[in-house]
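Below is one structure, written out as structure tokens, with a few remarks after it.
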Amino acid sequence: MLQERAGQLGMMQIAFIAIAAGAASTLLFASVTSGSLLSIPLFNLAPLPILIAGIGWSHLAALGAALVAALALAGAFGSLLFLNFLVGVGLPAWWLSYLALLGRPAGGGDAPDRIEWYPVGRIVIWTALVSALVVALIVLMVASNVDELREALRKSLGSVLRPPAGGAEGGGEAMAARPFMRVLMDHPERVLPPAAAVLTTLLQALTLWLAARVVQVSGRLRRPWPDISAMTFPSSALMLLVGAFLLSLLPGLLGVLASTLTAALLTAYALLGLAVVHALTRSVGGRGLILGSLYGGIAIFGWPLIFMSLLGLADTRLDLRARMQRRKPPPLSM
């Protein structure tokens, strides 16, 4: 009887958390309609309440929060937003929160109650896969072939890059003359979807980390905080990256979708590269300055992510962290 009562109270708590998290996610997502600059970061934080509900309580709370938010947005702005929010925000947040608490008994006579948690590296790979899937679905909603996609993206770019009325016409021509802008205007389908996959992967990973930190501070984090700098990727991730890259060389919509997956996976390897930097600089003086400069360069310029991807790929093949560990002198014996 007591167990049944406790189960009912637990389900009521999950339902309450789902409603509260769904309402918070709705407000964050709908803030973009205000048009203010503050609404952009708030909009990007829409998955955060769902992730907190999933990691702090249960993946059922996250799923309920996603449904509550999708229904609320559909009621306020139209039924189209129900599917858009659910596929683009709600379900990815639910899945990542589910993986974050996925574990199995490790067994063993010495620690029969020890749990083997789902590895952080695999969660990062899933973050990239989910992000690539979200971008791919958006691409398929926009166009059914590569020509339609190219024209739709060109129209969007034209409205953004059009010089202001009364401005010098040469400014727009000078901008278009730059090599990158020329490629962007000629083949936007080869630039914008991969760029969206990179940004989405970074935001998904950052939001997941932030949600886990919030839950940890509240004392509700059930799994021990992992050593993120020691994470590794499965060998299948590298094979998937190679396959996606080869497919990205194909023409048509398949090549565009494959390039999106390639960009997302390379971003995951950039996160692995950052983990390598964190591990290798633990005993280096001025570590804070090094990491601060690195993250600042990534935030301002973006291109340092390329070197982090190469570092992550190199660590996958060469195990740089283990080599550095072996080079450390043994501790002095007393």
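The values are calculated or read from the model by the stated rules, or taken from the named source; none is laboratory data. As the structure is a prediction and not an experimental result, all values here were calculated from the model. As a convention, Cβ positions derive from the backbone with ideal geometry for all residues, glycine included, and neighbour counts pool all protein chains shown. To get the accessible areas, we keep the full protein, side chains included, count just its heavy atoms, and leave off ligands, DNA and RNA. Shrake-Rupley method; radii C 1.70, N 1.55, O 1.52, S 1.80 Å.
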- Query: How long are the three semi-axes of the equivalent ellipsoid of segment 172-294, in whole Å, if each is the root of 5 times an eigenvalue of the C-alpha gyration tensor, listed from largest down?
  - Reply: 33, 20, 16
- Most to least packed among 120-133, 145-158 [average Cβ atoms within 10 Å]: 120-133, 145-158
- Message: Let me see the P(r) profile for segment 269-315: every Cα-Cα distance counted, bins of 5 Å, each bin given as a percent of all pairs.
- Response: 6, 24, 29, 26, 14, 1
- Task: Note down the relative contact order for segment 1-106 as a percent, whole number, built from C-alpha pairs under 8 angstrom at least six residues apart.
- Result: 27
- Work out which helices of the chain, taken as complete DSSP H runs, extend at least 24 Å along their axis over the Cα atoms and score a mean Kyte-Doolittle of -1.0 or more, then list them. 2-30, 59-77, 120-142, 192-218, 252-280
- Task: Express the C-alpha Rg of segment 1-101 as a ratio against the empirical globular expectation 2.2 N^0.38 Å, rounded to two decimals.
- Result: 1.12
- Query: Percent relative contact order of the chain, based on C-alpha pairs within less than 8 angstrom and at least six residues apart?
  - Reply: 15
- Under-5 Å amide H pairs with residue 115, H placed in peptide plane, nonlocal only: 106
- Kirkwood-based Rg to Rh ratio, segment 229-334, C-alpha trace: 1.09
- At 222 nm, what helix-only mean residue ellipticity would the chain give, in deg cm²/dmol to the nearest 500, using -39500 (n - 2.57) for each DSSP H run of four or more? -24000 deg cm²/dmol
- Task: With a 1.4 Å probe and every protein chain kept in, tell me what percent of the accessible surface of segment 234-334 is carbon plus sulfur.
- Result: 72
- Task: Please report, in whole Å, how far the alpha carbons of segment 33-83 spread along each principal axis, starting with the longest.
- Result: 34, 25, 12
- Note on the structure: In whole percent, the Cα-Cα distances of the chain spread across 20 Å bins from 0 upward as 25, 55, 19, 2
- Heads up, I need the accessible area for residue 187: 1.4 angstrom probe, whole protein in place, Å², nearest 10. 90
- Return one whole number: the accessible area per residue of segment 205-253 in Å², for a 1.4 Å probe. 59
